[in-house]
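Since the structure comes first, as C-alpha cells, the remarks are kept for the end.
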Amino acid sequence: MRRAGRIGIASGLVLLALGACDRGADERADARADEAGAVVATTAEGTLPAWLAPTDGTDPARWLAGREAGKALPADDPRVRAMATALAGARDGFIEDPRMIANRTVQLGQMLAEADIGEGYGAILDGLGGIAAGRGRRKSLYGEMCQHYYNARMQGADHAAALARLAGPHPVGEGTP
C-alpha cells in the first residue's frame, strides 16, 4: 500500500510537471512578442534550446534528433530524417502539435534517464504513435500517454510491455474525436 501511495504521489507530481512544462516558456514568448510587436523565431541556426517555445523557428524533428545526439545536426542528417518520419507518424494520432510532442518526448526521455532507463526518442514516438494510430479517427493526448508509459516503466515494465499495457483493453490517453 505504501509503494502504491508513493507511485500515486510521484505520478501526480509528474502530471503537474507535464502540464506546466511549456507554461513559463509560453508566457516568456508572449512577453517577447508583445514587446517586439510581432512574433519572431527565437532560435538561431545551430543551437539547441532546452525546450521549443511557441515562437521557436526550430524544426521539431531536427531539434529532437539533435537533443538525442547531444549536438545540433544538419537538416539533411539521416538521424533528422528518421526523427521527422517518427514525428510525422506520431503526429497523426495525437491532438498536440509537433512542437509539443517533441517537448514531451524529451521530457519523458529525461525522466526515464533519471531512473536509469534509456529509451530512444524515435522508439518512444513510434511506440506511442502506433498505439494512437490503432485507435483510428479518435485522437489521443500525447502528454497523458507519456505519463502512463512512464508509470508502467517505473513499475518494471520494459518498452514492449509498457506499450502493450497502453494498447490493452482499457486504453489510456484518449482525447476527443
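Quick rundown of the values:
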{"item": "Length added when fully stretched, ALA157-LYS71, from 0.36 nm per residue minus Cα-Cα", "result": "27.9 nm"}
{"item": "Highest to lowest packing among 131-139, 96-104, scored as the average C-beta count within 10 Å", "result": "96-104, 131-139"}
{"item": "Full-stretch length increase - ALA167, TRP51 - with 0.36 nm per residue and alpha-carbon distance subtracted", "result": "38.9 nm"}
{"item": "Interchain or long-range residues, amide H under 5 Å from SER140's placed H", "result": "PHE94, ILE95, GLY175"}
{"item": "Rg followed by Dmax, in Å, when region 119-170 is reduced to its Cα trace", "result": "10.3, 31"}
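Laboratory data are not the source of any read-out in this text; all were calculated from the coordinates shown. None of these values were measured; they are calculated from a predicted model. Methodologically, a virtual Cβ is constructed for each residue, glycine included, from the backbone with ideal geometry; neighbour enumeration extends over all protein chains shown.
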